[in-house]
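Okay, so here's the structure we're looking at.
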Amino acid sequence: MLMSTNAETRGTTTTWRRGREARDARIEAGSRLARGKVVEARDATRLMEAVVRPGDRVCLEGDNQKQADLLSSALLAVDPAKVNGLHMVQSGVVLPEHLDLFDRGVAKRLDYAYSGPQSARIARMLFGGKIELGAVHTYLELFARYFIDLTPHVALIAAVSADREGNLYTGPNTEDTPTVVEATAFKDGVVIAQVNEIVDRVPRVDIPADRVHFIVEAEKPFFVEPLFTRDPAAITEGQILTAMLAIKGIYAPYGVQRLNHGIGFSTAAIELLLPTYGEKLGLKGKIASHFALNPHPALIPAIESGWVQQIHSFGSEVGMDEYIRARSDIYFTGPDGSLRSNRAFCQTAGLYACDMFIGSTLQIDLQGNSSTVTTSRIAGFGGAPNMGADARGRRHPSEPWLKAGGEADPQGSALLRRGRKLVVQIGETFGDKNVPLFVEKLDAITLAEKLNLELAPIMIYGDDVTHIVTEEGVANLLLCRDAVEREQAIRGVAGYTEVGRGRDRNMVERLRQRDVIRRPEDLGINPLDADRSMLAARSIKDLVHWSGGLYAPPSKFRNW
Amino acid sequence: MEDFSFQHRARQRAGGTRQTAIIGVVASGNLEVLVERVLPDVECQLEIKTAAVGFGEVWNAVTADFVARYSPGGLKFSINDGGARPDTVSLRLAQAVRLIEEDGQ
C-alpha cells in the first residue's frame, strides 16, 4: 500500500530525487548572490529570500551560548510576502529577533528546548496566540527529531572562521553545529554559515566544506552569552550549608565520581567546597572526578587542586579559552589546542555515562515533579530533563548506580535489578524574592490548562528524582515505600514554606530515624562551617588567581 | 519594625562554659544574634527586633523548632534582624548555640 501511495503522489514518471532537485534549485537561486560560496553581509536578506521558501522548517542556530545573530537579523528583514509561515526548529530561543520573526509573520510554528533570556516574552506570545507551539524539548530529544520528523530545510549556523571552500572552524563553542549540519546537509537541506572571518586555512575543520553551501562574513563576532559563570561573591551561607549537605549526604556515601552539575549558586558552592570541605572529609579521588560539564569557572580551584580528571563539555564559557588550552589533560581539545565541545555527544554522555545529575529548579510539588516554568515565564529546560532522567537503556554497572537501585528495590534480585541514576534537586526552601521552592500545584500544570497543552511542561518527573537537598536536610526518595512517605519526605525538607509547615511531624521524625531524611546534625555538619571562608574562591578575582591568570572573566564580572 | 519575645522550656542546659557569643551581621536579608548564658538551666528566651512586619507566626515556628532541635537551656538570644529569610534565621541560631558551646571565652 505504501509503495502504491508513493507512486500516485509522484505521478506517472517516478522520481526519487525531488528533495535533491529542490535543494539544487535553492542553491542555484542563492548562487546568483554569491562569489563561490561567499555572500556579502549586505546581501544576506536577499539570500534568505532566494533560499528559504514559505512553510520551510528552519533551524536558526541559537544554541545555549553561541548565536547566529547576523543571520537571524537577515531573516527577520525578509519580505513576509515572500517568506512566511516558517516552522522554527531551534534549540535556543535566546535573541529578541528569534521572537520578532513570529511578530512579523515570517515564522508561525516553534519547536525548541531553551529560552532563558526570552522566557517572559515567549510566555506572553504563547498566551497571545502569536506562536503555534510544537513542544518544549530537551536538547537531545530535539536533535533526535532533526533526524526523524523535524529535519530542517535550511540551517542558519555560526562559526568562527571559514576558508574559501567552506570548511568551517567552530572554535570552542562548537555546541549544536555538527548535529544541525548533519541533519540538514545529508537530507537535501541548505546550510548557510555566518563566520567571524574568512581565512586561507582554518585552524581545524569542524564542518567539512561539502556540507556548507553559503558563507556570510559578519562584521562583528557572533554573540556568546556567559551563562555558566557564577560570582563566588554572591554565594550565601545557606547555599554553603546546602552544598555541604549534598557532599556529605550524597556524593560521599554513594561515591559519585561521574556526574553533571546544573547551573546555579548551589552547585557553584559545591565546586568551591571540594578543595576545602571535601579535602577535610578525605574525599579527594573518591568523588567528583569525571564530569559532563560546561567549563564552569567555579571548578577551577578543584581542577588546580587535582580533584578532576576529565571534563567533556556541551559548549564553552566566555573567558575560559586560554585556561582550557593550558589544561588539555582535563578538557577535550582539537589539534589547534582549543576546546572541542559538542552538545549532542555531551548530552549523551550525561545520560548514559554519568551516575548523578544535580541541579536547581524553581518549583517542586508533593510528588517531587519539578519545573522551571512559571505562569509568566517559560524558560525551557535545556539539558536537565535528559540528564535528570534514568537511562533505561543503560547496562554497565557502577557503585553509585547499583547502590541507588538497591535502595529503591531492596527485595529484588541483585543480578536482575536495574541500577538507578541519582537525580538530585538542590535549592533553598525560599528562592529569589522569597518565592517558595515547594508548591502544592506546579505553575506548569496551570499553564498547560490555560494553553490547552496535551502535556504540562515538567522538567524532571517525580519518579526520576531520587534526592532533594535543601538547607533543612537531604530527603532520599529512593527509600520511600509509598506516596504518603514520599510526600512527607518532601515536606520534611521544605523548611518554613507552607508545604514544609504542613508536614506530619511524627511521620517526618520516623522517616528521619530510617535515614530517609537527614539533617545537618545527623550528618555531623558543624553549622559554623557554613561560612564563606570555607569557599576555595570568594570572588571572580580569586578564580583568576587560581587559574594563574589564564581565566579572563568578561567585563560584567570584573569589579576591580 | 516589629518586636517579638518568646519564652521556651528547654530539655537541658546548653553545653560549654562560654558566657556570650555573637554571630552574623545586621544587613538586608541577614541578622545578628547575641547569645548570653544568663538564664536558669531549663529556660530559653528569644528577643527579636525585626525590620520586616507580619511574620510573627513564622518567628514562633522557627524559634520553637530551634529550641526543640538544639535544647539551648540557660541561653538568652537577642536578635537584630534585617529581614532575613527563615532558613537564614535557623542557620544563625544554630551557629550561635554552637559558638557558645565551644571552648574558650
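Only the coordinates and a few stated rules stand behind these numbers; no lab work does. Every value quoted in this text rests on a predicted model; they were computed, and no experiment measured them. Because the Cβ atoms are built from the backbone with ideal geometry, glycine has one as well, and the counts that use them run over all protein chains shown.
Across the range A:349-469, counting alpha-carbon atoms alone, Rg and Dmax equal 15.6, 48 Å. The Cα-based radius of gyration of the range B:1-62, divided by its Kirkwood radius, gives an Rg/Rh of 0.99. Look at where the Cα atoms of the range A:375-436 and of the range A:205-249 average out, and the two centres are 23 Å apart.
Summarising the strand pairing of chain B, around 70 percent of its internal DSSP beta bridges are antiparallel.
Taking amide hydrogens as placed 1.01 Å from N in the peptide plane, the amide H of A:Gln363 sits under 5 Å from those of A:Ser371, each at least 5 positions away in sequence or on another chain. The Cα-based radius of gyration of the range A:178-229, divided by its Kirkwood radius, gives an Rg/Rh of 1.01.
Of all alpha-carbon pairs in the range A:117-238, indicate the percentage at a distance above 24 angstrom.
In whole percent, the long-distance tail amounts to 44.
With the convex hull drawn around the C-alpha atoms of the range A:344-395, the volume per residue stands at 96 Å³. Remark: chain B is approximated by an ellipsoid whose semi-axes, taken from the C-alpha gyration tensor as √(5λ), come to 21, 15, 11 Å, largest first.
Legend: calculated FRET efficiency, A:Phe127 to A:Ile148, from the Cβ-Cβ distance at R0 = 25 Å, rounded to 0.05, equals 0.25. Over the Cα atoms of the range A:19-224, each weighted equally, I'd like the Debye log10 I(q)/I(0) at q = 0.13, 0.16 Å⁻¹, rounded to two decimals. So the normalised log intensities are -0.62, -0.97. For A:Phe430, the amide hydrogen comes within under 5 Å of the amide hydrogens of A:Leu437, counting only partners 5 or more places away or on other chains and with H modelled in the peptide plane.
The mean of 1/r over all distinct Cα pairs in the range A:232-545, once inverted, gives the Kirkwood hydrodynamic radius of 19.9 Å. Multiplying the residue separation of A:Ala135 and A:Glu498 by 0.36 nm and removing their Cα-Cα distance gives an extension gain of 127.5 nm. Restricting the range A:325-424 to trypsin sites (Lys or Arg not before Pro) that sit in a DSSP loop and have at most 13 other Cβ atoms within 10 Å of their own Cβ leaves A:Arg392, A:Arg395. Here is the tail figure for the range A:464-560: Cα pairs spaced more than 16 Å apart come to 64 percent of all pairs. With a Förster radius of 60 Å applied to the beta-carbon distance between B:Ala68 and A:Thr13, the computed FRET efficiency rounds to 0.10. Bridge orientation summary for the range A:232-545: considering DSSP beta bridges with both residues in this region, about 40 percent are antiparallel. Using only alpha carbon pairs under 8 Å that are at least six residues apart, calculate the relative contact order of the range A:423-523 and give it in whole percent. Result for the range A:423-523 is 27 percent. Normalising the average separation of contacting C-alpha pairs (under 8 angstrom, six or more residues apart) by the number of residues puts the relative contact order of chain A at 14 percent.
Here A:Ile270, A:Ile148 are placed in order of increasing Cβ neighbour count within 10 Å, fewest first, which gives A:Ile148, A:Ile270. Restricting to chain A, what percent of DSSP beta bridges are antiparallel, rounded to 5? DSSP beta bridges in chain A are roughly 30 percent antiparallel. With one equal scatterer per alpha carbon and no solvent term, the Debye-computed log10 I(q)/I(0) for the protein assembly as shown at 0.06, 0.07 1/Å reads -0.39, -0.52.
In the range B:31-72, the C-alpha radius of gyration followed by the widest Cα-Cα span (Dmax) gives 11.5, 32 angstrom. A DSSP coil position with no more than 15 other Cβ atoms inside 10 Å describes the following trypsin sites (Lys or Arg not before Pro) in the range A:469-560: A:Arg481, A:Arg514, A:Arg558. Just to confirm my numbers, what's the Cα centroid distance between the range A:115-190 and the range A:539-553 in Å? That distance is 33 Å.
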